[in-house]
């Protein structure tokens with residue numbers, strides 16, 4: 001397979017992926033299968049000292065390959081001009097050499113960098129979306145409680161603190177959430193109003 005075809009496949013994997021680690025493994029398998037090389041890719045998102053230790057470990061792995069040509073590349077994972085980490089790519093092959101390994105490694109780092117940024121943005125949107133849902137639910141519950149407290153103060157002559165306390169005590173007694181108790185209070189008032197407005201049957205003289 002030609003280098004251009006490999007680069008295209010890398011872009012397809014990274015472009016369609018939703019999981020960074022799976023894409024990393026798929027590209028590793030592609031490089032190893034395509035070039036007849038023993039390729040090991042390691043994602044580095046640690047401190048520079050840890051990265052140096054990992055690089056030394058990869059070099060030891062390379063030394064274990066009994067092949068005449070070995071190469072090791074550390075390329076940045078970039079997205080939008082920002083460096084998100086490092087990608088270490090190593091090869092031990094009799095055929096895949098020259099400038100091709102560097103070009104393929106660099107391109108892989110670019111593609112995986114964009115994927116990493118995309119997955120991070122997706123995770124952030126998901127987290128913010130969950131927070132927004134919780135906030136909306138909390139606001140809706142607060143409105144229902146305030147309405148129920150208003151009913152208790154108007155219908156039963158309770159002071160506002162007493163109305164709050166009554167709802168909390170009723171919730172503990174029944175084992176229901178305060179929101180459920182407030183809904184019952186509101187529904188009871190609706191039923192009472194409906195009964196008051198309902199036409200009364202006429203008496204037949």
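Couple of notes before you dig in:
- Per-pair calculated FRET efficiency, R0 = 25 Å: residue 2 and residue 28 via Cβ, rounded to 0.05: 0.80
- Here residue 153 and residue 133 are evaluated by their C-beta separation; at R0 = 35 Å the FRET efficiency comes out at 0.70.
- Each label point was placed 7 Å from the Cα along the Cα-to-Cβ direction; for residue 120 and residue 11 their separation is 2.4 nm.
- Shape category assigned to segment 128-197 from the gyration tensor of Cα positions, a/c cut at 1.5: prolate
- Between residue 180 and residue 103, residue separation times 0.36 nm minus the direct Cα-Cα distance comes to 21.4 nm.
- Spatially, segment 98-164 and segment 10-29 are offset by 28 Å when compared through their Cα centroids.
Since every read-out is calculated from the coordinates, none of them should be taken as a lab result. All values derive from a computational prediction rather than experimental measurement. So basically every Cβ, Gly included, is an ideal-geometry build from the backbone, and we count neighbours across all protein chains shown.
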